[in-house]
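> Attaching a single structure in C-alpha cells format; questions to follow.
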Amino acid sequence: MILLVDAGNSRLKWAMLDAGKRSQQLAQDYSKDSAERLLIDLLAEKSVANLILVSVLGELFSKKIQQYCQQHTIELTLIYSQSEAYGVKNSYREPQRLGADRFVGLIAAHHLRPDTHCITISCGTAVTIDAITAQGKHLGGLILPGLQQFSDQLIKKTALLTSENTTKISLFSNNTADALTSGSIFGLVEAINGISSRMEGELLKMNHLKGSQQTMNPVQIIICGGDAKIIHPYLSESVQREDDWLMQGLQLIAEFTSEKQA
C-alpha cells in the first residue's frame, strides 16, 4: 500500500494507492505543530509500505518524517524541485527554490495534458500561477496572496463553502459584509484571469517565433487547491478544476519510481 501525501501550509491532503487504484482524496486542517503528528498517525493506522510525500513545511518536518520511516521500514520518496525530472525542465536559476508542490503540479500537467501548453493555478494560502510548454519546459510563474490574505482575513472560507445565507456574492452588494466578500473574490478572480490570459498569449506566440508556421498548440488552464471551489465559478469557462491535481501528480511519481526500481 502506498500513501500519497501533500503537506501544505494549512492542510494535510492524502490518498491511498493500491494496485494502481487511487482512493478518494481526504484532507484535514492543522496547525504546523500538529502536521507531523497527523501524518505519523496516518502511517501507523494504514498498512503503508511506501510514502510519497510533497511538503512545504520545511526541513525539520521532513527530517522527522524521514526518521519515522526509517524506524518503521517505510520506503519514503520525498519530492524536491529539481532542474529536470519526470520530463519537466525547471526554469528557476536555483531549482530547489521552486515550491515542491508547484513542481508536482507541473509534472501532472505535462503528463496528463500531453501535447498542450498548460497553465496551472493553485489557490491555497498563496495563489501560484505557472506556465509549462507542451515540451515540458517550465517558463516560470507568479505568486499572489491567497483569498484569505487578499481579503485581509475578512472572509471566512468555511462560511463561503458551507453556508448559503452568510454572504451573497454580487457585483452590486447592498451591505458592507457582502461588498467586502464580493470585492475580495472578484478582485482575485480578475487578477487570475488577467495573468492567465497574458500567459496564454505568450504561450501561443511561441509557436510562431522566427516565422515558424507550426500549428499552435492549444493552452489548457487547470485550477486546484483549497480555495479553487470558491474561485472557479467566476473564472473563464475554459478553466478546468481538478481538486486532486497534486494526488494525480504524486501517483505519476509513484508509478515512475516503481518502474525504475523494477
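The values are calculated or read from the model by the stated rules, or taken from the named source; none is laboratory data. Only a predicted model underlies this, so the values are computations on that prediction, with no experimental measurement involved. No Cβ is skipped: glycine too gets one built from the backbone with ideal geometry, and neighbour counts run over all protein chains shown.
> Do we have any residue at all in region 191-204 that's among the polar types (S, T, N, Q), in contact with a Leu (Cβ under 7 Å, 6 or more places away or on another chain) and either at pLDDT 95 or above or outside any loop (DSSP other than H, G, I, E, B) (or both)? Explain how you work it out, then say what you get.
Within region 191-204, the first condition is being among the polar types (S, T, N, Q), and the residues that meet it are 193, 196-197.
The next check asks that each one be in contact with a Leu (Cβ under 7 Å, 6 or more places away or on another chain); those that pass are 193.
Within this subset, residues satisfying the condition of being either at pLDDT 95 or above or outside any loop (DSSP other than H, G, I, E, B) (or both) are 193.
Yes, the conditions are met somewhere in region 191-204.
> May I pose another question? How do the helices (runs of 4 or more DSSP H) wholly within region 24-138 filter down when requiring 1 or more residues that are charged (D, E, K, R), free of Cβ contacts under 8 Å to residues at least 60 places away in the same chain and touching a Gly at 6+ places or on another chain (Cβ under 9 Å): which remain? Don't jump to the end; show me each part of the working.
Details: elements: 32-45, 59-71, 100-112.
Per the criteria, 32-45, 100-112.
> Pick from region 28-69 the residues that are buried (at least 16 other Cβ atoms within 10 Å of the Cβ) and among the small types (Gly, Ala, Ser): which of them is modelled with the lowest pLDDT?
Here the residue is 35.
> Restricting to region 7-23, give me the number of residues that are under 21 Å from residue 148 (Cα atoms) and not in a strand (DSSP E or B). Working first, answer last.
Initial filter on region 7-23 (under 21 Å from residue 148 (Cα atoms)): 7-13.
After this cut, where a residue has to be not in a strand (DSSP E or B) as well, the list is 8-10.
Total satisfying the criteria: 3.
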